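Engineer: Handing you a structure now.
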Protein chains: 4
Amino acid sequence: MAPELSVSQWFNTPEPLSIAALKGRVIFLHSFQLLCPGCVAHAIPQVQRIERTFSGSDLQIIGLHTVFEHHAAMSPTTLEAFLFEYRLNSPVGVDLADEASHVPVTMRRYGFRGTPSSVLIGRDGTILHEAFGIEDDLTLGARIATALATPVPDAGQAVEVSDCAAGVCALPVSI
Amino acid sequence: MAPELSVSQWFNTPEPLSIAALKGRVIFLHSFQLLCPGCVAHAIPQVQRIERTFSGSDLQIIGLHTVFEHHAAMSPTTLEAFLFEYRLNSPVGVDLADEASHVPVTMRRYGFRGTPSSVLIGRDGTILHEAFGIEDDLTLGARIATALATPVPDAGQAVEVSDCAAGVCALPVSI
Amino acid sequence: MAPELSVSQWFNTPEPLSIAALKGRVIFLHSFQLLCPGCVAHAIPQVQRIERTFSGSDLQIIGLHTVFEHHAAMSPTTLEAFLFEYRLNSPVGVDLADEASHVPVTMRRYGFRGTPSSVLIGRDGTILHEAFGIEDDLTLGARIATALATPVPDAGQAVEVSDCAAGVCALPVSI
Amino acid sequence: MAPELSVSQWFNTPEPLSIAALKGRVIFLHSFQLLCPGCVAHAIPQVQRIERTFSGSDLQIIGLHTVFEHHAAMSPTTLEAFLFEYRLNSPVGVDLADEASHVPVTMRRYGFRGTPSSVLIGRDGTILHEAFGIEDDLTLGARIATALATPVPDAGQAVEVSDCAAGVCALPVSI
C-alpha cells in the first residue's frame, strides 16, 4: 500500500490531498527538487506532458517537493515562483521537513533514493511501479493507461478507504 | 475495418503477413519512405522504441514502404540496406506499386496523406486511430496499451478471419 | 563601449571583475535568472560548452544574475546552490538591485530586454554583438573565435585601462 | 597538403570542383553515405547549419559520397533524391569507385576511417583538422572562423595552384 503524504504546504490545489481520500483513482506521484537539474530538464517537462495527455482521464498527478539538500535555497517562496515560471498546473506539496534528518518525512516513508523519483499508485491504493530517474514516455504512457484501464475497486474496498482516512494510515508511526 | 495489405516483397518475416490472419491481435501499422526525412528522424526511432516497450506483448508491428515519389531511388535493394543500417527488426512490406498511379495500392486503400503515417488496429480488426505525422510517445504508449487491454474477440469473429484469409479480402476489387 | 558592471556579490571568482580591468581580453557576458526556463534549458548549458571549448584561450566568461521578477525567490543563497548544482564554473555576479526599479543596475545599463541575454565584448572594450535569447552554437563559436583572432589593442589603449580601473568608470554617474 | 578529389559525378554544382582550383579558399570537406544513420541524423544537419552560418563568407563546402558498403543500395540515382529531400544545397561529389576495393578512391586517399568524416582545409591547401564522427557546433564554428580569419596566401603560392591544376596533383600515383 502507498504510504500517506505529509505535506507542510500545498500549491495548485484549493485543499490538501491525501492518498487515502484518492482511493479509487490512479495517482502519479512525482518527487522533485527545484534545483535538481535532471528534474528541471526531464521530469517536470514529462509531468507537463502527462498533464496534457491524461487531462481527460481521472488520473491524479501529485508533485512532492522533497528537499534533502540546500534547504535554505529551495524555500516555498522559491518553489511558488518556480511552479509559476515552469507552468506546472497540477498540485504540488512541500514534503514535511523532519527535524532529525535532512530527508523529509514523505520521501523517507516512500524510500525514494533521490530526485527525480516517481510512483504510480493503482485504484486500490497499491504501488504499481516505482522509478528513480526518468522512464521513457512510451513505457510510462503505457503504464499509466494500463492502470487507468483497471476497474475501480468495489464498495468493500471503499470502506477501507474511509477507515484509512480515519487514521489507520497513521504512517509516522511506522517510520 | 482495416483494409487488407497488398505487398510485393517482405523483409524481417519468414512469411507474408495479412490483416485478416492477424485478427485477434493489436496491430501498429506504420507507413514510411526511406528518403522521407521525418520518417528517418522521428518515425523509425519511435517504431524501435515501440519494438522495445511492447516486446513482451502480442502487439504486431508492421512497416509499409509506401513509395509515392522518387520510385527509382527507393528500390527494395536500397530498402533492405536501410533496414539493416537502421536496425529495424519488425516486419516491413513493400507496398504494391500501382501501374496507373504514383501512389501504391495499400497506401491508397488506407487513404494515407503522406509519410510518415500510422494506423492502430484493434483486436477486432477495426481501425482505432490514424495519424499523419508523429504522435508524441506518451499518447501513443497510452493508446497502444489501451488497445492491448481490450479482450480478444470471441470465436464468432475468429471464423470470419479464416473466411477472409481464404480469399474474401481480394482488396483490389474494393478499391 | 561596454558599460561597467555593478555587482553586489560575486561567485566563482576570488575578486571582483570589471569591464575596465579586462580591457585587452574578449569578454562573453551573459545575463540570466535561475528561474528563467530558457536560461536553464539553453543558456547555461551553452555557457558550459563555451567554458570547455575556449578553455585554452584568454576569453573571459562572466555571468550576471539579473533578477527583475520574483526577487525574493532568487536570492544569492539560492543562486549559490544553483551554480553548484548546475556545475557552472565561470564567474557570476549578482547584478546590483536598484531601489527605484524592478530592473537591476547593470541590466538597465546594457539595455537587456530580458533573460537570457548576452554581449560579446572585444579586446578594445567595444560591444561586438548583443543577443536576446540564444544564438546557435555554430554562429556563436564563429563569433567568439573571430573576436579572439583580433589583435590585442596597443599600449595607448592599455593606459586608458589603468585610468579606468583607478575610478574613472564610475558608471552610476553616467546612468 | 590536402589530397585531390576523384569524383565520378557531381551534384549541386555546374562544374567539377578540385582542391587545387580552390587554393586560396577555406574548404570544409565532409564525407558521408546516405544510409549512414549518424550522417543523416547529425552530419547532414550540421552541414546545413554551416551553409547558413557561413553563407556570407568564402568558405567552400564540399560533400563527398564515399560509399564503402551496400554499393548497389546507394546509387547516384538514390543520392540525387536524397540531396533533394534533405535540402542539401552545397556541392556533392560521388567518390570514384575503385574496382580493386570496397573503399572509393578519395576516401582512401584521405584515410577516412568511416562516415561521417570531415576535413578542414586552409587557404594554403593544408589540412587544418580532421574528424571522424561529429564535432560539436561551438568548436567547429570556432575552427572554421579561425581558418577564415587567416589571410589569403600570396601570389607565389597561387602559381603553385596553377601548376597543380595542370597535373602535378596526379594523386592516383601516390596511392
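The values are calculated or read from the model by the stated rules, or taken from the named source; none is laboratory data. Computed from a predicted model, the values in this text were never measured in an experiment. Glycine also receives a Cβ, built like all others from the backbone with ideal geometry; neighbour counts cover every protein chain displayed. Remember, those area values only see protein heavy atoms, side chains included, never the ligands or the DNA or RNA. Shrake-Rupley method; radii C 1.70, N 1.55, O 1.52, S 1.80 Å.
Engineer: Please turn the phi angles of segment D:122-137 into ³J(HN,Hα) values with the Karplus equation 6.51 cos²θ - 1.76 cosθ + 1.60 (θ = phi - 60°), one per residue in order, whole Hz, x for glycine and proline.
Structural biologist: With the stated coefficients, segment D:122-137 comes to x, 4, 8, x, 8, 7, 8, 6, 10, 9, 10, x, 10, 7, 5, 4 Hz.
Engineer: Straight-line reach from B:K23: which aspartates and glutamates have Cα under 19 Å away, leaving out those fewer than 8 places along the same chain?
Structural biologist: B:K23 reaches B:E4, B:E15, B:D58, B:D124, B:E130, B:D154, B:E160, B:D163.
Engineer: Tell me, what % of the accessible area of segment C:3-128 is carbon and sulfur with a 1.4 angstrom probe?
Structural biologist: Within segment C:3-128, the accessible surface is 51 percent carbon and sulfur.
Engineer: If you don't mind, there's one more thing I want to ask. To two decimal places, what compactness ratio does segment B:50-109 give when its Cα radius of gyration is scaled by 2.2 N^0.38 Å? Don't skip to the answer; put the middle values down first.
Structural biologist: On the way: Rg = 13.5 Å, N = 60, 2.2 N^0.38 = 10.4 Å.
Taking N as the residue count of segment B:50-109, the ratio is 1.29.
Engineer: I would also like to ask the following. Which percent, to the nearest 5, of DSSP beta bridges fully inside the protein assembly as shown are antiparallel?
Structural biologist: Bridges in the protein assembly as shown that DSSP calls antiparallel: roughly 60 percent.
Engineer: Between B:G141, B:G125, B:G24, which gets the highest mean-square fluctuation from a Gaussian network model of chain B, Cα cutoff 10 Å?
Structural biologist: Among B:G141, B:G125, B:G24, the largest mean-square fluctuation in the Gaussian network model of chain B belongs to B:G141.
Engineer: Keeping all protein chains in place, calculate the accessible area per residue for segment A:1-133 (probe 1.4 angstrom), answer in Å².
Structural biologist: 39
Engineer: How high is the FRET efficiency from D:D58 to A:D136, r the C-beta distance, R0 60 Å, rounded to 0.05?
Structural biologist: The calculated FRET efficiency here is 0.85.
Engineer: Still on this structure, please answer the following. Cut-off 10 angstrom, C-alpha nodes, Gaussian network model of chain B. Which of B:L120, B:L128, B:L138 fluctuates the most?
Structural biologist: Largest GNM mean-square fluctuation: B:L138.
Engineer: Tell me whether chain D comes out rounded, prolate or oblate; compute the Cα gyration tensor, take square roots of the eigenvalues as a ≥ b ≥ c, and use a/c under 1.5 as the rounded threshold. Mind showing how you got there, number by number?
Structural biologist: Values: a/c = 1.71, a/b = 1.18, b/c = 1.45.
Judged from the Cα gyration tensor, chain D comes out oblate (a/c at least 1.5, b/c at or above a/b).
Engineer: Name the long-range amide H neighbours of C:L64: under 5 Å, sequence gap of 5 or more, or other chain; modelled H, no Pro or chain starts.
Structural biologist: Result for C:L64 returns C:H30, C:S31, C:F32, C:G93.
Engineer: How many Å³ per residue does the convex hull of the Cα positions in segment C:1-56 occupy?
Structural biologist: Here the figure is 119 Å³ per residue.
Engineer: Follow-up. Length gain on complete extension for the stretch B:A100 to B:A21, per 0.36 nm per residue less the alpha carbon to alpha carbon distance?
Structural biologist: Answer, rounded to one decimal: 25.6 nm.
Engineer: So what is the calculated 222 nm ellipticity per residue for chain C, using -39500 (n - 2.57) for each DSSP H run with n of 4 or more, over all residues, to the nearest 500 deg cm²/dmol?
Structural biologist: Result for chain C, helices only: -8500 deg cm²/dmol.
Engineer: For peptide C:140-150, what's the mean number of Cβ atoms from other chains within 10 Å of each residue's Cβ?
Structural biologist: Mean shielding count: 6.
Engineer: Obtain the nm distance between the two label points defined at C:E69 and D:A41 by a simple spin-label model: each point lies 7 Å from its Cα along the Cα-to-C-beta direction.
Structural biologist: My value for the distance between the label points is 3.6 nm.
Engineer: So what J values fall out for segment C:37-48 if you push phi through Karplus, 6.51 cos²θ - 1.76 cosθ + 1.60 with θ = phi - 60°, rounded to Hz, Gly and Pro as x?
Structural biologist: x, x, 5, 5, 6, 10, 6, 4, x, 5, 4, 5
Engineer: With no solvent and one equal point scatterer per Cα, compute the Debye intensity ratio I(q)/I(0) for the protein assembly as shown at 0.10 Å⁻¹ and report its log10, rounded to two decimals.
Structural biologist: Values, matching the q order: -1.15.
Engineer: Convert each backbone phi in segment D:102-115 into a coupling constant with the Karplus relation 6.51 cos²θ - 1.76 cosθ + 1.60 (shift: θ = phi - 60°), then list the ³J(HN,Hα) values in order as whole Hz, x for Gly and Pro.
Structural biologist: 6, 8, x, 4, 5, 4, 5, 4, 7, x, 4, 8, x, 10
Engineer: Given a Förster distance of 60 Å, report the FRET efficiency between B:I127 and D:E51 from their Cβ-Cβ distance, rounded to the nearest 0.05.
Structural biologist: 0.90
Engineer: Could I ask something else about it? Going by amide H atoms built from the backbone, whose H comes under 5 Å of the H on B:L128, apart from near neighbours?
Structural biologist: Those qualifying (amide H under 5 Å, at least 5 residues apart or on another chain) are B:L120, B:I121, B:G122.
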